[in-house]
Structure formats: structure tokens, C-alpha cells
Amino acid sequence: MTHITNNGGPVLAATPPAAAGPEHVEVPVAYDAIVLAGFGGPEGQDDVIPFLRNVTRGRGIPDERLEEVAHHYRHFGGVSPINQQNRELKAALEAELASRGIDLPVIWGNRNWDPYLADALREAKERGFTTLLGLATSAYSSYSSCRQYREDFAMALEATGLEGELRIDKVRQYFDHPGFVTPFVDGLRTALADLADRGVADSAIRVLFATHSIPTGDAERSGPRDRDWPAGGAYPTQHLAVAEVVMGEAGTTVPWQLVYQSRSGPPTQPWLEPDVNDVIAELPGEGVEAVVIVPLGFVSDHMEVLWDLDTEATETAEGHGLIAIRTPTPGTHPAYVRGLVDLVMERVQGVPTADRPALTELGPWFDVCRPGCCENARLGFKPAISGIAP
């Protein structure tokens, strides 16, 4: 991994060991609590449009266009599964912490819906906690999957007036941590065994690793800007590296590729491709009989999984006469929950970098994001915790 010098400003709201911006903090920190940072989602039909306004704030998108996306949520009664999944993850984390005798409360807050991150910070202050460790429900590096979480933490500090009173660090991106990768390996093995039982030959199977598409420009600016990423940014590079690990750990030589989903934005703006549905439509002509869809970019079965994969992609596969199996997301898989607690304990104990697990050559990822990491060129740099300015 390329080492990049600190050429920016101090780290906003950081604990003293992280404030000068080391790549990895190898000093123990006595955190008071964990803040589980989620994306958030509506929990009823009346919540859908206000939620989507929150997600797209600052982009001037009219409600008529938001309704085009709203029907995904309305199909499920206006309820996104993501909040309940975070409640279950919070409970699983608390149980894992208790089983290890670790006294660290978990406070949950969302970027886009109740309970908001600002509510979580107020709760922390009311309970007497001043040194917090953020744990985002997002594993990869890009603006929307890392920097935006860091910006929203900073905005929550400003909104609550708790700047200078709370210190907030954040665990590293964990795309190649064994706890995140293991559930995908388990799911792929199960799916391939299922297809073997049905008599489908390996040569007639394709594995599609699916993740959220993002604008190509955002992908190119993902990760530290001083590195030449082979796949056009840290975001696609990380996914490709993890997919190779999953295939190797699953012990299979079935052909695979990385595909994208959930594209939005104007048609004139280039986004990462190919789209999962376009790829599926071409497979019958290649002699493929079954497709295994691995939701590699997602930590839980939220709307992009339930609609874009379980509904649209599955319908596309069935429409082309293909067997389709979508493997599980990490959710509350025991390995994932243990891995998240291990990531917390890296910072609590100041674990040396050499002792931190990473299944690709890209990791272990930074504790403190590098200058200019994951820039959003449309919005410019905003204050963000757990990273060197800008």
C-alpha cells in the first residue's frame, strides 16, 4: 500500500492520537461508546418522499422525479428494511461486546432518517460520553460510502453545538477484513452446492459480484488521490480485489465478473458499468444456465438488494430462462459481527498495523483518511471527521 504524507490540516474532532493524521493509530484510546452510523430509511408511506428529499438534499431534485424512485419503497409498504436491520445489528454487537466483557455502549444514528446522527451525539453527551468511535455500515471507499459519513458526523457536531465537547474517531474501511468477506464466501459455496445438486455444470454458471454504481468521476477520485489505481479509483479496485478473494476462498473456478446496479442521475453523466441486468441478458447466448448474484457491495438486505437484485435482476434472469440465486449479505452473520468488534478493538487497544487482518494487498486500510480522499467534485470539500483536511 502506498504511504502518503500528511500534507493537509489537522484532523477534525479527533482524539489526540489521531489528531495529527497518522495513517494507522497504534496508540490505545479509551473510548466511551460506539456510534453505529447507518444510512437510514423510511418506515411508512408518509416517510418516503421526506426521506428521499434528505438523501438528495442540495441537488434540487423535484418531488415528481423522486416519485420515480419512491415506487421501490411503496412496493414494500413504504418501509425500508434497513432500520430494522440496524436494530438487529446493534443488538448483535451489544451481545458480542458483552460476551467479551467489553463495556462499550452502542448508540445508533442515521444519516438520512430518524434516529439521526445528531440525535446519537446528543444521547452520547447526555449519558456523559465524550470520546466516541464511529462505525459506519459501509465497507468501501468512495464519497457516498465513506467521506459522506465523515461529513455527516461533522455536520451533526455543528448542528448540536457539541464541537469541542465530543471527540470522534472512525474505524477503518473494512472491505477486505475477514469478518466482512467470510459471509460472502459461505453464501457462494452454498449457492454453488445447490446448483451442483440440480445438475448444473460449472461451465454453465456465472458468478456476478454486484455493487452500487457511482458516477465514474466519483470512482476515479475514490481513495487517496496520490495513487494510480489500476481499475480507475479505489472503489472498483477494492471490489475486484475482494471478489478474487471470495472466489479463491470458495475454491471455485466458475467464471465471474463485477457488475453494477442502482444507477441514478442524468443519462449524460457516465456511471460505472456494466449494469447487472444488461450482463444477465447476454448470458444465455454464452451457454449459461444459472447465475449466482453476490451482493458484494452491501452489508445488509436493504432496498437496493430487495428491489434491484431480488426483484429486477431476478426477473431479468427468469425472463431469459436462467436459474438465479442471490447469496446473503453479511447482516448479522456471526463472523461479521465479530469482525466489527475486532475493528473497534483495534482502536481501543492500538493494535499494530502488522497485526491487523486484511485479505487483499490493499489493506489494512487507513484509520485516518488521507488529504483529499474521496472528493465530490460537484459539492467541493466540506468539513469531515477522521481525515486530514481537505
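The values are calculated or read from the model by the stated rules, or taken from the named source; none is laboratory data. From a predicted model like this one, the values you see are computed outputs, not experimental measurements. Positions of Cβ are backbone-derived with ideal geometry, glycine not excepted, and every protein chain shown enters the neighbour counts.
Just to be sure I understand the filter: pairs with C-beta atoms under 6 Å, separated by 6 or more residues or on different chains, first member in region 341-355 and at positive phi, second member in a loop (DSSP other than H, G, I, E, B) and exposed (fewer than 14 other Cβ atoms within 10 Å of the Cβ). Which pairs pass? Pairs that qualify, where the first residue is at positive phi and the partner is in a loop (DSSP other than H, G, I, E, B) and exposed (fewer than 14 other Cβ atoms within 10 Å of the Cβ), are 350/27; 350/28. The single residue among 184, 180 that is part of a helix (DSSP H, G or I), in contact with a Phe, Trp or Tyr (Cβ under 6 Å, 6 or more places away or on another chain) and among the hydrophobic types (A, V, I, L, M, F, W, C) turns out to be 180. For region 188-227, a residue qualifies if it is of a type in the set (S, T, N, Q) and either assigned to a strand (DSSP E or B) or within 30 Å of residue 266 (Cβ to Cβ) (or both), and the qualifying residues are 211, 213, 216, 222.
Residue check: is residue 41 more than 24 Å from residue 120 (Cα to Cα) and small (Gly, Ala, Ser)? If you could, list the steps in order and put the result at the bottom.
Numbers: more than 24 Å from residue 120 (Cα to Cα): no; small (Gly, Ala, Ser): yes.
No.
If I filter region 377-386 for residues that are assigned to a loop (DSSP other than H, G, I, E, B), under 19 Å from the mean Cα position of the chain (by Cα) and modelled with pLDDT under 95, do I get at least one hit? Scanning region 377-386 turns up no residue that is assigned to a loop (DSSP other than H, G, I, E, B), under 19 Å from the mean Cα position of the chain (by Cα) and modelled with pLDDT under 95.
Sort through 118, 70, 98, 124 and tell me the only one that's modelled with pLDDT under 95, on the phi < 0 side of the Ramachandran plot, more than 20 Å from the chain's Cα centre (by Cα) and among the small types (Gly, Ala, Ser). Outline the logic, then answer.
Details: 118 fails: modelled with pLDDT under 95; 98 fails: modelled with pLDDT under 95; 124 fails: modelled with pLDDT under 95.
From the options 118, 70, 98, 124, the qualifying one is 70.
Would you confirm whether or not region 228-239 contains a residue that is assigned to a strand (DSSP E or B) and farther than 28 Å from residue 182 by Cβ? Looking for residues that are assigned to a strand (DSSP E or B) and farther than 28 Å from residue 182 by Cβ, one finds none in region 228-239, hence no. Restricting attention to region 145-165, the residues that are outside any helix (DSSP H, G or I) and not aliphatic (A, V, I, L, M) total 4. Would it be correct to say that residue 366 is in the same structural domain as residue 219 (by TED's automatic domain parsing), closer than 28 Å to residue 89 by Cα, of a type in the set (Phe, Trp, Tyr) and part of a loop (DSSP other than H, G, I, E, B)? Here the answer is no, as residue 366 does not meet what is asked.
Looking only at helices (runs of 4 or more DSSP H) that lie completely in region 251-345, which have at least 1 residues being under 21 Å from the mean Cα position of the chain (by Cα)?
In region 251-345, 276-282, 303-306 are the helices (runs of 4 or more DSSP H) which contain 1 or more residues that are under 21 Å from the mean Cα position of the chain (by Cα).
The single residue among 158, 126 that is under 15 Å from residue 385 (Cα atoms), acidic (Asp, Glu), in the same structural domain as residue 42 (by TED's automatic domain parsing) and out of contact with any helix residue (DSSP H, G or I) (no Cβ under 7 Å at 6 or more places or on another chain) turns out to be 158.
Is one or more of the residues making up region 85-101 out of contact with any helix residue (DSSP H, G or I) (no Cβ under 9 Å at 6 or more places or on another chain), over 19 Å from residue 42 (Cα atoms) and part of a loop (DSSP other than H, G, I, E, B)? Yes: region 85-101 contains one or more residues that are out of contact with any helix residue (DSSP H, G or I) (no Cβ under 9 Å at 6 or more places or on another chain), over 19 Å from residue 42 (Cα atoms) and part of a loop (DSSP other than H, G, I, E, B).
Collect the residues in region 236-285 that are of a type in the set (Gly, Ala, Ser), surrounded by fewer than 17 Cβ atoms within 10 Å (Cβ to Cβ), modelled with pLDDT of 95 or more and within 23 Å of residue 317 (Cβ to Cβ), keeping them in residue-number order.
First, pick out the residues of region 236-285 that are of a type in the set (Gly, Ala, Ser): 241, 243, 248, 250-251, 262, 264-265, 281, 285.
Subset that is surrounded by fewer than 17 Cβ atoms within 10 Å (Cβ to Cβ): 248, 251, 264-265, 281, 285.
Now narrow it down to the ones that are modelled with pLDDT of 95 or more: 248, 251, 281, 285.
Answer for region 236-285, where residues must be of a type in the set (Gly, Ala, Ser), surrounded by fewer than 17 Cβ atoms within 10 Å (Cβ to Cβ), modelled with pLDDT of 95 or more and within 23 Å of residue 317 (Cβ to Cβ): 281, 285.
No other residue among 77, 40 is in contact (Cβ under 8 Å) with a residue 24 or more places away in the chain, within 23 Å of residue 305 (Cβ to Cβ) and surrounded by fewer than 13 Cβ atoms within 10 Å (Cβ to Cβ) apart from 77.
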